[in-house]
């Protein structure tokens, strides 16, 4: 067994880190304050092929391996979780189209998505349907060679920016969940911004209302007879991996800031690092961050090797890393004292962003229902 | 891996994953077996990568995955016409 990045992965990490430091970090506080990320950043992400980076080279992507993809999220997430979350939602759509779309759809959409000519968002959640995704009320009814879609989506990341939505609706004929690529300029589609949120404030959330929106039948991703929920599970599998790494990013940024701060902040004539209770906190923070990263590596490795166990490993990585980010960011604020609740230090933003990570892409409580089922698979006497 | 091995491995994977050792070949795994959407993802990966049976766009239909026998039949078909 060897847990060691390849030279290519090390190079990728350096490249991602340098980009994040130069182009993302300087704008992170403004993004948080203004509730948006700058178009100049989006364009630069596209130019550097960071959008849809997992997509095959033949469709304009970078064909990034899963570990490098995780490192991309860690490096970007350390700088700005909102910018990192654009990659999450855009790439979830790319993943669903590449894996489940037909050849025509892949050829039409993937080059547009990987070039950044079109920004995509994933529209699943509804006012009355969150964790219970199967209860969505938005419907898609086939009329001739078009689907008529009606319903309301909410808490949609980058709804304000998206050119196209992968929108999940209930198939009027089969009653199952189906995914459709719906351009944002479709007649009858209205986006209403959601602002002043606690964390990931730059993720340009929106409500998406659809009133008898007509889209071609060819907009449907995958066969109408596809197993129920496969499209949602496929997209969320990548999203969960992305959020797990984004959580490691928050934890790492908080750990780094806490070590720096505690080394130069003097109380009782010594750096507070010398106080045992501060060291105890730093120990927990450091160990949890490394443990979370190792779980992400495992999930990434299994996904890269195309092992079914990647599903379980990703659930566990997301569960652990998001909880760790919440605890670690809270400790980071505590170590920074009054400075920790001010805008002078990024730990204040990380603390708020970390709260969101335990909610999105499957809440901690949903993971606690799901993960034990995998445990039973491993430990049951019937195995 | 020959076809018999693939069928045996498929059955073992499905029954172990779902915790249903007595699942019959024609039982609907999405109903009797309690298969979830996450399991659908695992199943596709298992068939494609562990069994080495690449799936085309139009293979991804519920009927092809509903029972162990249906999955085995799909694998047989693809084996006969690669």
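Coordinate-derived values only; no laboratory data. Predicted model, so just to flag it, every value in this text is computed and none were measured. Every residue, glycine among them, receives a Cβ derived from its backbone with ideal geometry; neighbour counts consider all protein chains shown.
Tabulated results
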| read-out | value |
| --- | --- |
| Listed residues A:20, A:256, A:321, most fluctuating in chain A (Gaussian network, C-alpha, under 10 Å) | A:256 |
| Highest-fluctuation residue, B:72, B:56, B:24 considered, GNM on chain B with Cα pairs under 10 Å | B:56 |
| Region A:7-114 shape via C-alpha gyration tensor axes, a/c threshold 1.5 | oblate |
| Scaled radius of gyration (Cα, divided by 2.2 N^0.38 Å) that region A:46-189 gives | 1.07 |
| Residue exposure sequence - A:57, A:232, A:341 - by fewest surrounding Cβ within 10 Å | A:57, A:341, A:232 |
| Helical contribution to [θ] at 222 nm, DSSP H n ≥ 4, -39,500 (n - 2.57), averaged over chain A, rounded to 500 | -17500 deg cm²/dmol |
| Within the protein assembly as shown, percent of DSSP bridges classed antiparallel, to nearest 5 | 85 percent |
| Shape category assigned to chain B from the gyration tensor of Cα positions, a/c cut at 1.5 | prolate |
| Alpha-carbon centroids, region A:193-221 and region A:253-272: separation in whole Å | 42 Å |
| nm² value of the averaged projected area, convex hull over the Cα atoms of region A:120-221 | 6.0 nm² |
| Centroid-to-centroid separation of region B:1-60 and region A:114-144 [C-alpha atoms, Å] | 28 Å |
| Taking the C-alpha atoms of the protein assembly as shown, convex hull volume expressed per residue in Å³ | 153 Å³ |
| Angle in degrees between helix A:25-34 and the longest Cα principal axis of chain A, rounded to the nearest 10 | 70 degrees |
| Part-to-part distance (alpha-carbon centres) for region A:23-102 and region A:311-349, which is given in Å | 21 Å |
| Among A:268, A:351, A:19: highest mean-square fluctuation, GNM of chain A, C-alpha pairs under 10 Å | A:268 |
